[in-house]
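Q: First, the structure itself, so that you have it in front of you.
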Amino acid sequence: MKHLFNTLKILLIVGLTLSTTASGQSRLTGTVGQPNEERLIRVEEGVKNLEKRLDAVEASLNKRMDDLRTDMNGRFSDLNGRLDELRATVLTGFGVLFAGMFALVGFVIWDRRTALAPVAKQTRDLYANQEKILAALREHAKHDEKLMEFMKHEGLL
C-alpha cells in the first residue's frame, strides 16, 4: 500500500515537472517577473500538499481496513459460537435418542421375562403332572393286562 502511494507521488512530481517544461525550453526562464526559483517553490508546496492529502487518504484506508478486519473477526467469532451451540444441540439430541433406544430395549427384555415367567411355571407344573399320571398308569398297568398292552403299544412302558 505504501509502495503504491510512493509511486503515485513520483508520478505526480514527474507529471508536474513535465507539464511545466512541456511548453518548451523558452519557459525555463520563467514568466515575466517570476524567476524559476519561485515557480519551483510553488511546485514543491503543491507536492507537499498532495503528499499530505495522500497520507490522509492512506490513513483513512488503513483505518477502514482495520475496521473491516475487526468486523470480520467479530463475525467469525459469532459464527464459531453458533457452530458450537449447534454441535452441542446435535450431541444432546443423539444422547436422548440413544438413551430412549436403550430404555426401549431394556423394557422389552424385562417385559418378555415377566411375561414368560408364568408360562414357564405352567409348563413345569404340566410336566410334573404328566409324570405323576404316567407313574399312576404304570402302577395300574401291573394289575390290568389290557392297560399294559395299550401302554406297550404306545411306548409308554
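Q: Just to be sure, is Leu83 among the aliphatic types (A, V, I, L, M) and modelled with pLDDT of 90 or more?
A: On the way: among the aliphatic types (A, V, I, L, M): yes; modelled with pLDDT of 90 or more: yes.
Criteria met by Leu83.
Q: Does region 52-61 contain at least one residue that is more than 30 Å from Gly15 (Cβ to Cβ) and either in a helix (DSSP H, G or I) or at pLDDT 95 or above (or both)? Give the steps one after another, and end with the answer.
A: In the first step, residues of region 52-61 are kept if they are more than 30 Å from Gly15 (Cβ to Cβ); the result is none.
Within region 52-61, none of the residues are more than 30 Å from Gly15 (Cβ to Cβ) and either in a helix (DSSP H, G or I) or at pLDDT 95 or above (or both).
Q: Suppose we keep only residues that are of a type in the set (Ser, Thr, Tyr) and surrounded by 10 or more Cβ atoms within 10 Å (Cβ to Cβ) within region 90-126. Which one would you say is nearest to Phe150 (Cα to Cα)? First the steps, then the outcome.
A: Filtering region 90-126 for residues of a type in the set (Ser, Thr, Tyr) gives 92, 114, 123.
Checking which are surrounded by 10 or more Cβ atoms within 10 Å (Cβ to Cβ) leaves us with 92, 123.
Values: Thr92: 71, Thr123: 26 Å.
Only one residue tops the list, namely Thr123.
Q: Going by the structure shown, is Asn49 assigned to a helix (DSSP H, G or I), more than 30 Å from Leu156 (Cβ to Cβ) and within 26 Å of the chain's Cα centre (by Cα)?
A: Working: assigned to a helix (DSSP H, G or I): yes; more than 30 Å from Leu156 (Cβ to Cβ): yes; within 26 Å of the chain's Cα centre (by Cα): no.
It is false that Asn49 is assigned to a helix (DSSP H, G or I), more than 30 Å from Leu156 (Cβ to Cβ) and within 26 Å of the chain's Cα centre (by Cα).
Q: For region 1-51, give me each residue that is under 30 Å from Asp66 (Cα atoms), modelled with pLDDT under 70 and not aliphatic (A, V, I, L, M).
A: Correct list: Lys2, His3, Phe5.
Q: While we're on this one: Might you check whether a residue that is touching a Lys or Arg at 6+ places or on another chain (Cβ under 8 Å) and open to solvent by less than 90 Å² (accessible area, probe 1.4 Å) occurs anywhere in region 133-147?
A: Step one: list which residues in region 133-147 are touching a Lys or Arg at 6+ places or on another chain (Cβ under 8 Å), which gives none.
No: zero hits.
The values are calculated or read from the model by the stated rules, or taken from the named source; none is laboratory data. Since the model is a prediction, treat every value here as computed from it, not as a measurement. Here Cβ is always computed from backbone atoms with ideal geometry, including for glycine, and neighbour counts include all displayed protein chains. These area figures cover heavy atoms from the full protein model, side chains too; ligands, DNA and RNA do not enter into them. Shrake-Rupley method; radii C 1.70, N 1.55, O 1.52, S 1.80 Å.
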